[in-house]
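The values are calculated or read from the model by the stated rules, or taken from the named source; none is laboratory data. None of these values were measured; they are calculated from a predicted model. Counting neighbours? That spans all protein chains shown, and the Cβs are built from the backbone with ideal geometry, glycine included.
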Amino acid sequence: MFNIVLVEPKIPQNTGTIGRICVNLGAILHLVKPLGFDIDDKAVKRAGLDYWKELDLVLWESMEDFLKAHPVGEQTYMATTKSDRLYFDVPFKKGDYILFGSETKGLKEDLLLAHPERCITIPMGKKGRSLNLGVSVGVVIYEALRQNYTGFEKITIANTLAGGL
């Protein structure tokens, strides 16, 4: 449905939480190295609970590799505190790539400056600098879902049995 791209994430619990969100939405999680933790870290798996094994995960060796495969274009959005364009004013489409930078540095400024029309932000009060990465991803991806929601297919035991008879 959507592609969540974490560029150089540092905190395993955030990545685990975001992985869990991706599984629940049918989104693909892209992790761009270097990571601030080992992908097999217990904290990642603990935060993702039993969802981690169901995650559609793509690992990228570098931002350059990711951008070669997926150049910034009409289906790319970059979350940053350095924009005035609000995320809920963006017309998200299925298949979009939504990029989030590391918890400590965000996305590289040269990338943001090269594509200001692709930058989005979450509004915050004057006392705050930023939100937790997991919270930020949740806020933005659920707006994208809201705009494109057509329902989820629910598979129940009754449906499975009826289909097998």
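When you look at residue 136, is it within 23 Å of residue 34 (Cβ to Cβ), surrounded by 10 or more Cβ atoms within 10 Å (Cβ to Cβ) and either at pLDDT 95 or above or over 19 Å from the mean Cα position of the chain (by Cα) (or both), yes or no?
Numbers: within 23 Å of residue 34 (Cβ to Cβ): yes; surrounded by 10 or more Cβ atoms within 10 Å (Cβ to Cβ): yes; either at pLDDT 95 or above or over 19 Å from the mean Cα position of the chain (by Cα) (or both): yes.
When the stated conditions are applied, residue 136 passes them.
In segment 110-126, is there at least one residue being farther than 20 Å from residue 23 by Cβ, in contact with a Pro (Cβ under 8 Å, 6 or more places away or on another chain) and modelled with pLDDT of 95 or more? So that I can check it myself, show each step before the final result.
Filtering segment 110-126 down to residues farther than 20 Å from residue 23 by Cβ leaves 110-126.
From what's left, in contact with a Pro (Cβ under 8 Å, 6 or more places away or on another chain): none.
The answer is no; no qualifying residue exists.
Checking the structure you have, find out if any residue of segment 7-19 is in contact (Cβ under 8 Å) with a residue 60 or more places away in the chain, touching an Asp or Glu at 6+ places or on another chain (Cβ under 8 Å) and of a type in the set (S, T, N, Q).
Yes - at least one qualifying residue is present in segment 7-19.
Let me spell it out: the conditions are (1) assigned to a helix (DSSP H, G or I); (2) loosely packed, with under 15 Cβ neighbours inside 10 Å, and residue 123 meets all of them except one. Which number is the exception?
Result: residue 123 passes all but (1).
Given the options 134, 151, name the one that is assigned to a helix (DSSP H, G or I) and among the small types (Gly, Ala, Ser). It would help to see each step written out before you state the result.
Details: 151 fails: assigned to a helix (DSSP H, G or I).
Selected residue: 134, the only one of 134, 151 that is assigned to a helix (DSSP H, G or I) and among the small types (Gly, Ala, Ser).
May I ask you to say which residue of 29, 49, 55 is at pLDDT below 95 and in contact with a Cys (Cβ under 7 Å, 6 or more places away or on another chain)? Let's see the steps before the verdict.
On the way: 29 fails: at pLDDT below 95; 49 fails: in contact with a Cys (Cβ under 7 Å, 6 or more places away or on another chain).
The match here is 55.
For segment 81-100, enumerate the residues that are closer than 17 Å to residue 133 by Cβ and touching a Phe, Trp or Tyr at 6+ places or on another chain (Cβ under 6 Å). Show your work before the answer.
To start, the set of residues in segment 81-100 that are closer than 17 Å to residue 133 by Cβ comprises 81-83, 87, 97-100.
Correct list: 98 only.
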